[in-house]
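Asks: One structure, pasted below without further comment.
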Amino acid sequence: MDKKAQLQSLSIDRGRDGNNNSIWPVIIFASLAAIIAALITWWLMNGKLQTALIAAEQANTLVEQRSKTQSMAAPRLSGLVASGYVVARRQATVSAEITGTIREILFEEGTKVSKGQVLARLDDDRAQIALRQITASTESSRRAVQSLEAQIVEAKIVLNRANILFSKSIGPKAAVTAADAALQTLYARLAGSKADFAAGQANIASQQDLIRRYVVRAPFTGVVIAKNAQVGEILSPSSAGGGFTRTGIATMVDMQSLEIEVDVNEGQIGRILPQQKVVAVLDAYQDWKIAAKVVAIIPTADRARATIKVRVAFDEIDARVLPDMAAKVTFVE
């Protein structure tokens with residue numbers, strides 16, 4: 001019985017094989033579905049990849065264009081750096097044209113003044129007295145002219161009467177001669193009085209001009225950076241100064257004329273051209289880059305320092321720029 005059971009276990013069951021054959025369509029369908037899903041996924045991924053590649057290429061092109069534009073717009077610094085100071089092309093020590101005692105000062109340091117504005121006045125009392133004397137003398141000459149003109153009118157009448165009497169043989173010839181001589185004398189005195197009157201008018205104009213010189217005015221529009229005298233001191237532009245005598249009353253600067261003067265090594269001067277662009281940086285404002293340009297290369301060299309002076313003008317004047325500030329400039333190629 002055991003051998004028969006073993007032989008039966010080795011026999012093939014046909015019913016079970018039929019069941020296994022029914023599984024194959026399911027496996028084939030699942031494989032086809034997996035292949036189709038893989039193809040769809042590959043197609044979708046390929047389309048996204050191409051889109052990504054196109055976008056990346058466009059972005060790269062845009063970056064290159066921006067880089068090229070910036071490189072063309074932004075000038076390249078040459079590396080040539082020079083140091084210097086801010087200076088004013090227009091600066092003056094203001095004084096009077098005459099010697100006098102300062103009576104009034106109308107400004108302080110830092111005051112902005114306009115051209116012709118009164119800065120100070122000197123004591124002009126004596127000049128005013130002299131003007132009154134000259135005016136009175138001139139007025140006397142004018143009245144003398146009027147008096148002589150009236151006398152001439154009368155002398156003409158006398159001369160005319162003498163001529164009539166002489167023509168009728170009533171009056172002598174001597175009367176005519178005397179009347180004519182008197183008239184000519186009056187004409188001469190009138191000419192002298194008119195000359196005195198004209199001279200008096202010229203003296204008045206001269207004295208008035210002298211009095212105007214006792215007033216110190218601003219020669220140009222600018223800022224007062226120094227007050228050099230006080231009330232009560234003597235102002236004398238022709239003296240050497242010292243003590244209570246001052247040669248100037250104020251120092252003015254035209255802020256619109258500020259520029260930078262730098263010393264460039266003579267071996268590097270060939271790299272600098274007129275109107276060349278410059279970037280300036282003041283020591284007081286390290287992060288502020290100021291646009292400027294070369295306006296002049298001084299045609300002489302400093303033998304001791306082997307340098308050549310270059311003038312650099314600001315494109316725009318700013319209130320933060322002050323005279324004598326230290327600055328560094330970089331010349332742009």
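Asks: Being surrounded by 14 or more Cβ atoms within 10 Å (Cβ to Cβ) and within 30 Å of G110 (Cβ to Cβ) is the filter here; which residues of segment 274-309 pass it?
Replies: Passing the criteria: V278, V279, A280, V281, L282, Y285, I290, A292, K293, V295, K309.
Asks: While we're here: Between Q230, Q256, which is within 17 Å of the chain's Cα centre (by Cα) and either over 30 Å from V329 (Cβ atoms) or not charged (D, E, K, R) (or both)?
Replies: One residue alone meets the criteria, Q256.
Asks: Has segment 140-162 got any residue that is surrounded by fewer than 16 Cβ atoms within 10 Å (Cβ to Cβ) and at positive phi?
Replies: No, there is no match, as no residue in segment 140-162 is surrounded by fewer than 16 Cβ atoms within 10 Å (Cβ to Cβ) and at positive phi.
Asks: Just to be sure, is G100 closer than 29 Å to Q201 by Cα, modelled with pLDDT under 95, in the same structural domain as K227 (by TED's automatic domain parsing) and touching a Lys or Arg at 6+ places or on another chain (Cβ under 8 Å)?
Replies: When the stated conditions are applied, G100 does not pass them.
Asks: Of the residues that sit in segment 163-191 and are β-branched (V, I, T), under 28 Å from V145 (Cβ atoms) and surrounded by fewer than 15 Cβ atoms within 10 Å (Cβ to Cβ), which one is modelled with the lowest pLDDT?
Replies: Restricting to residues being β-branched (V, I, T), under 28 Å from V145 (Cβ atoms) and surrounded by fewer than 15 Cβ atoms within 10 Å (Cβ to Cβ), the top hit is T177.
Asks: Kindly check whether there is at least one residue in segment 53-74 that is at pLDDT 90 or above and of a type in the set (D, E).
Replies: No - not one qualifying residue is present in segment 53-74.
Asks: May I pose another question? Can you go through L322, L273 and tell me which one is in contact with a helix residue (DSSP H, G or I) (Cβ under 9 Å, 6 or more places away or on another chain) and outside any strand (DSSP E or B)?
Replies: Answer to the selection: L322.
Asks: Mind listing whichever residues of segment 234-282 are among the acidic types (D, E) and at pLDDT 90 or above?
Replies: Once the filter is applied, which keeps residues that are among the acidic types (D, E) and at pLDDT 90 or above, segment 234-282 yields D254, E259, E261, D263.
Asks: I've got another one for you. Only one of (1) outside any loop (DSSP other than H, G, I, E, B); (2) not assigned by TED's automatic domain parsing to the domain that holds N160 is not met by V231, so which one is it?
Replies: Failing condition for V231: (1).
Asks: Of everything in segment 315-331, what is surrounded by 18 or more Cβ atoms within 10 Å (Cβ to Cβ) and either among the aromatic types (F, W, Y) or touching a Ser or Thr at 6+ places or on another chain (Cβ under 9 Å) (or both)? Give them in sequence order.
Replies: Once the filter is applied, which keeps residues that are surrounded by 18 or more Cβ atoms within 10 Å (Cβ to Cβ) and either among the aromatic types (F, W, Y) or touching a Ser or Thr at 6+ places or on another chain (Cβ under 9 Å) (or both), segment 315-331 yields A327, V329, F331.
Asks: I'd like the full set of residues that are more than 15 Å from V86 (Cβ to Cβ), more than 18 Å from the chain's Cα centre (by Cα) and of a type in the set (A, V, I, L, M), limited to segment 280-313.
Replies: I297, I298, A301, A304, A306, I308
Asks: Go through segment 248-302 residue by residue and tally those that are of a type in the set (K, R) and more than 20 Å from D315 (Cβ to Cβ).
Replies: Selection size over segment 248-302: 1.
The values are calculated or read from the model by the stated rules, or taken from the named source; none is laboratory data. Just so you know, these numbers come straight off a predicted model, no measurement behind them. For neighbour counting, all protein chains shown are included, and Cβ atoms are generated from backbone atoms with ideal geometry for every residue, glycine included.
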